[in-house]
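The values are calculated or read from the model by the stated rules, or taken from the named source; none is laboratory data. Predicted, not measured: the structure shown is a model, and the values here were computed from it. Heads up, the Cβs are rebuilt from the backbone with ideal geometry, glycines too, and the neighbour counts pull from every protein chain shown.
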Amino acid sequence: MSKNTMQMSTEDRIFHVFNDIFLILCLIVVIVPMMNVVSCAFSDPSNVLNGRVSFLPVGLSVKSFTYVFKNKLILTGYRNSVIYTLLGTLISVIITIIAAYPLSRRELKFKGLFTGLFMFTMLFGGGLIPTYLVVKRLNLVNTMWGVLIPNSLSVYNMIIARTFFASQIPADLYEAAEIDGAGDYTVFFRIALPLAKPILAVLSLFYAVGLWNMYFDAVLYLNSYDQYPLQVILKEIMTNATTQAAMVKATGQIASAETLAMTESLKYSTILCACVPMLAIYPFVQKYFAKGLLIGSLKG
Amino acid sequence: MRAKSRNKGKGKGSHHIGLYTMLILPIVYLILFKYWPIYGVQIAFRDYIPIKGITGSTWVGLKHFRNFFSSYQFSRLLSNTLILGSISMLVGIPCPIILALAINSSRSKRLGKTVQMVTYAPYFMSTVILVSLVMQFLAVRGGLLNNIRAWFGLDALNLMSDPNAFRPIYILSGIWQGTGYGAVIYLASLSAVSPDLYEAARIDGATILQQIRYIDLPSILPEMIMLTIMNCGSIINVGFEKVLLLQNQLNMSTSDVISTYVYRMGIQSAQYSYSSAIGLFNSVVSLALLLFVNWLSSVATETSLF
């Protein structure tokens, strides 16, 4: 390494200096807005409102989190998000796998036709309104199934899983089991599934992240605060507080500096609470995510 | 003999009924939630009345399309959509490539890994959280941007309600969130490049910039083309959720795009047929774009999606 550095031309040395500066700038640009939110959430609410908090907490305080835990909407939202994420991931992974596995088998007749049936939906769809009308017609609106089932299968993920089955599990294994008299379901449960653990992990993570982050489907198909997931509640808190602040400004009445500071800091702490589960699993997840992306980029 | 009869059995397909029964549920799903809506899209050509059902409603042909094309909203919606979509696509393509090249040529492996890990993180944030971050960053009272402006004695800006700021906000926040994620795929193919190539180039006296130009770029060219084709649909399919969340009464003149208009007309005003027509127009244009770019790419570079 040191030998290489010795041989390095001036041009390359300049390149490395600029490259390092660029990479560090990238780090700063990504981290600063996040740090700002964390600092605001842990600062005294009045300092946040008066613009005293920029990069580090000012007047360290966990007051804003007590607002979060007193807020019933946030707590039910959290509960709903957890339920939707767990149940939805289960449904999605099952339907994805039972589509991907048969489509990966050479023995399946009309494989091209079936695959085409799936692929076509990636290119063209009925659009928002016709889909909404179908979900309504099936009486799924205002139930949690309305947000879990209509988008449960991602064809993209199905193709990733199919590619995994086709390329990572040798067909000889299936054949050997079939010679021993195993039926299709035995082969699937005893051979394919145990070997598919990596792809099950990838799919679960893809779906879980999507479900935890779901916003629009919930707004579209749900209609009550008992059912809304955390993302919708967070959005409500963001805009409600905005209008509240605007009203105070317009009327010139100081509603009460404390309420204002409270709503403002509640926003920061709720953002943080909504991020925590994702950021907590992130270090473990990112490896699998990259892996899934790479399987996806293989031509299957 | 035994082998023969087994092959015969396979030929009949009677062996693998299980594979077909396994597919029943996914196919039912596809029919219900993907193909039934495609069948239902015909309400774009009818005056749909829910009680009468789809086929019972009067056929009106292209009435809704004509209404949309001749409405005063049309040119604004189309140009807002295309401007937003094409600028974010054009800046969205090079950013991940530049980041991946910078990480890949970094001297320090640790710095590279850290940058990769940190820049990838925003991808996992939901659109609501991203938009909340943006709103708090730009907040008039206590927002980071205005705090910094205050240090320099500048007045506070309310960018969220400024129509001219909408596009930069949308595009920059998209870069902030998506660049690290986009770089992953390039980094994977860069890491597959044989070290011998760099070695040989160094012996020939190539600088790092020349190595990037003649080794790195050609090795990621297939991915670049593939991702560009896939992104072309996004010229017209802008990030609906993010636009909706960033939208407010004051920035409508730049933030109103086709998909948010469909939502407003269809769900909020229950004009099902009219909004289905607009949605169908959108889907057809996006499909045409994809097919066109795919064809162009297969002719020009012999790389294509299908």
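Beta carbons closer than 6 Å, at least 6 apart along the sequence or on distinct chains, pair a first residue in segment A:47-66 that is on the phi > 0 side of the Ramachandran plot with a second that is of a type outside the set (D, E, K, R) for A:GLY51/B:GLY142; A:GLY51/B:ASN147; A:GLY59/A:SER43; A:GLY59/A:ASN47. All of B:ARG2, B:ARG6, B:ARG46 fail the test of being among the charged types (D, E, K, R), at pLDDT below 95 and within 32 Å of the chain's Cα centre (by Cα), apart from B:ARG46. When the test is whether a residue is farther than 30 Å from A:THR115 by Cα and within 7 Å of chain B (Cβ to nearest Cβ), A:SER61 does not pass it.
Across segment B:179-216, what is the total count of residues that are touching a residue at least 40 places away in the same chain (Cβ under 8 Å) and under 28 Å from the mean Cα position of the chain (by Cα)?
13
How many residues does segment B:135-153 contain that are without any contact (Cβ under 8 Å) to a residue 12 or more places away in the chain and not in a loop (DSSP other than H, G, I, E, B)? Summing the residues that are without any contact (Cβ under 8 Å) to a residue 12 or more places away in the chain and not in a loop (DSSP other than H, G, I, E, B) in segment B:135-153 gives 9.
For the residues B:ILE51, B:ILE93, B:ILE87, the requirement of being surrounded by fewer than 20 Cβ atoms within 10 Å (Cβ to Cβ) and within 14 Å of another protein chain (Cβ to nearest Cβ) singles out B:ILE51.
Restricting B:SER88, B:SER106 to those that are closer than 22 Å to B:ILE212 by Cβ, among the polar types (S, T, N, Q) and either at pLDDT 90 or above or not in a helix (DSSP H, G or I) (or both) reduces the list to B:SER106. Of all residues in segment A:105-120, those satisfying the criterion of being at the interface with chain B (Cβ under 7 Å from one of its Cβ atoms) and either assigned to a helix (DSSP H, G or I) or crowded, with 16+ Cβ neighbours inside 10 Å (or both) are A:ARG105, A:GLU107, A:LEU108, A:PHE114, A:LEU117, A:PHE118.
Helices (runs of 4 or more DSSP H) fully within segment A:121-240 that include at least 2 residues being in contact with a helix residue (DSSP H, G or I) (Cβ under 6 Å, 6 or more places away or on another chain), aliphatic (A, V, I, L, M) and within 19 Å of A:LEU294 (Cα to Cα): A:155-168, A:197-213. Of the helices (runs of 4 or more DSSP H) that lie entirely inside segment A:1-97, those containing 3 or more residues that are of a type in the set (Val, Ile, Thr) and crowded, with 16+ Cβ neighbours inside 10 Å span A:10-41.
Of A:LEU205, A:LEU279, A:LEU272, all but one fail to be over 29 Å from B:TYR263 (Cα atoms), within 12 Å of chain B (Cβ to nearest Cβ) and at pLDDT below 80; the exception is A:LEU279.
Within segment A:136-151, which residues are within 12 Å of chain B (Cβ to nearest Cβ) and β-branched (Val, Ile, Thr)?
A:VAL141, A:ILE149
Of the residues B:SER71, B:SER126, B:SER105, B:SER132, the single one that is in contact (Cβ under 8 Å) with a residue 60 or more places away in the chain and at negative phi is B:SER105. Considering only residues in segment A:39-81 that are modelled with pLDDT under 90 and β-branched (Val, Ile, Thr), the one that is farthest from B:ASN147 (Cα to Cα) turns out to be A:ILE74. For segment A:141-164, the tally of residues that are of a type outside the set (Gly, Ala, Ser) and more than 13 Å from B:TYR29 (Cβ to Cβ) stands at 12. Helices (runs of 4 or more DSSP H) fully within segment B:196-306 that include at least 3 residues being within 11 Å of chain A (Cβ to nearest Cβ) and surrounded by fewer than 17 Cβ atoms within 10 Å (Cβ to Cβ): B:272-300. For A:ALA182, the stated conditions do not hold, so it cannot be described as more than 12 Å from chain B (Cβ to nearest Cβ) and more than 25 Å from the chain's Cα centre (by Cα). Taken as a whole, the structure leaves B:LEU159 outside the set of residues that are of a type in the set (A, V, I, L, M), surrounded by fewer than 16 Cβ atoms within 10 Å (Cβ to Cβ) and at pLDDT 90 or above. Each residue in segment A:152-173 was checked for being more than 10 Å from chain B (Cβ to nearest Cβ), closer than 22 Å to A:ASN213 by Cβ and touching a Phe, Trp or Tyr at 6+ places or on another chain (Cβ under 7 Å), and 1 of them qualify. Only one of the numbered conditions (1) more than 9 Å from chain A (Cβ to nearest Cβ); (2) in contact with a Pro (Cβ under 9 Å, 6 or more places away or on another chain); (3) surrounded by fewer than 21 Cβ atoms within 10 Å (Cβ to Cβ) is not met by B:ALA165, and that is (2).
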